[in-house]
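Everything below concerns the one structure shown next.
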Amino acid sequence: MADNIILSILAHPDDAEFLCAGVLIRLAREHGWQVHIATLTPGDCGSAEHSTEEISRIRRAEGARASAIVGGPYHCLEERDLSVCYNVQTLEKVTRLYRQVRPRIVLTHSPADYMLDHEMTSTLARAAAFAAPVPNFQCDRGHAPALDRIPHLYYCDAIEGKDPLGREVPCSFLIDISSVIETKAEMLTCHASQRNWLLKQHGMDHYVATMRDWSARRGREANVAFAEGFRQHLGHSYPQDNLLGQLLGARS
Ligand SMILES: [Zn+2]
């Protein structure tokens, strides 16, 4: 497995820029890691004015522009918004991506989150991490060779830090992103279509401010200005050492 590659695999364009872009920027800048940002969908329902095809095209381009800021490619797996499912076809797409990108670290959504696209993406990311190193899994699908090992898997914060029942979802460690908060904001600003959509759908006119507020809240828990929270998947046979925390300085 090629080393020093991190893949963020989330449901929608702009999720990475809310949840984990600070870590991606720091790994690229401070440790020379290669960053890949993937989404299951092009966010095709995220508009009240464009057709699904138009908004998909706009949002793929926004995702690619944001990803370019951190020097990495953007991948869209072309599932549909509000329809991400755990099934064999989608698992095949995620496994294929893992075998192509060959990440050492994978970041995905919290297993419990505010909407099912996020939860399904989390399940797919977990399953593919286990499956991608298994040589006989989908070995007839023209994939790149199986991974040498299961990548380190981390869950980002749930949106607003709560599960579907409103219960707090605490992180297990925090990463200081104070030095890169402006770049994180710059990446989020690339998603211009969403600021307009969220204003209409959620009455939210503070797209970047919302990201800053959440990062600042996690920052207060770590006694720094801005932070991102994570939990590591520690089930049997997944890597047990906290590689991300060791590289960037985990705070609890
Ligand atoms: Zn999302």
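The values are calculated or read from the model by the stated rules, or taken from the named source; none is laboratory data. Bear in mind that the values here come from a model prediction, so they are computed numbers and not experimental data. For neighbour counting, all protein chains shown are included, and Cβ atoms are generated from backbone atoms with ideal geometry for every residue, glycine included. Note: areas computed on protein heavy atoms with side chains; ligands, DNA, RNA excluded. Shrake-Rupley method; radii C 1.70, N 1.55, O 1.52, S 1.80 Å.
Rundown of residues vs (1) more than 16 Å from the ligand (Cβ to nearest atom); (2) part of a loop (DSSP other than H, G, I, E, B), yes/no style:
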{"site": "Val35", "(1), (2)": "yes, no"}
{"site": "His50", "(1), (2)": "yes, yes"}
{"site": "Ile55", "(1), (2)": "no, no"}
{"site": "Ala61", "(1), (2)": "yes, no"}
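In the stretch 11-32, which residues are open to solvent by 10 Å² or more (accessible area, probe 1.4 Å) and more than 26 Å from Glu78 (Cβ to Cβ)? Within the stretch 11-32, Arg26, Arg29, Glu30, His31, Gly32 qualify. Residue count for the stretch 142-192 satisfying the condition of being within 16 Å of the ligand (Cβ to nearest atom), under 21 Å from Ala250 (Cβ atoms), crowded, with 22+ Cβ neighbours inside 10 Å and not charged (D, E, K, R): 3. Kindly establish whether Gly71 is in a loop (DSSP other than H, G, I, E, B), under 30 Å from Ala225 (Cβ atoms), over 14 Å from the mean Cα position of the chain (by Cα) and away from the ligand (no atom under 16 Å from the Cβ). Spelling it out, Gly71 is indeed in a loop (DSSP other than H, G, I, E, B), under 30 Å from Ala225 (Cβ atoms), over 14 Å from the mean Cα position of the chain (by Cα) and away from the ligand (no atom under 16 Å from the Cβ). Of the residues that sit in the stretch 196-245 and are open to solvent by 70 Å² or more (accessible area, probe 1.4 Å) and polar (S, T, N, Q), which one is farthest from the chain's Cα centre (by Cα)? My answer is Asn223.
Checked against (1) away from the ligand (no atom under 15 Å from the Cβ); (2) hydroxyl-bearing (Ser, Thr, Tyr); (3) in contact with a helix residue (DSSP H, G or I) (Cβ under 9 Å, 6 or more places away or on another chain), Thr41 passes all but a single condition, namely (1). Number of residues in the stretch 112-138 that are within 16 Å of the ligand (Cβ to nearest atom), of a type in the set (Gly, Ala, Ser) and either surrounded by fewer than 21 Cβ atoms within 10 Å (Cβ to Cβ) or not in a helix (DSSP H, G or I) (or both) equals 1. For the stretch 234-252, a residue qualifies if it is within 23 Å of Pro133 (Cβ to Cβ) and hydroxyl-bearing (Ser, Thr, Tyr), and the qualifying residues are Ser237, Tyr238.
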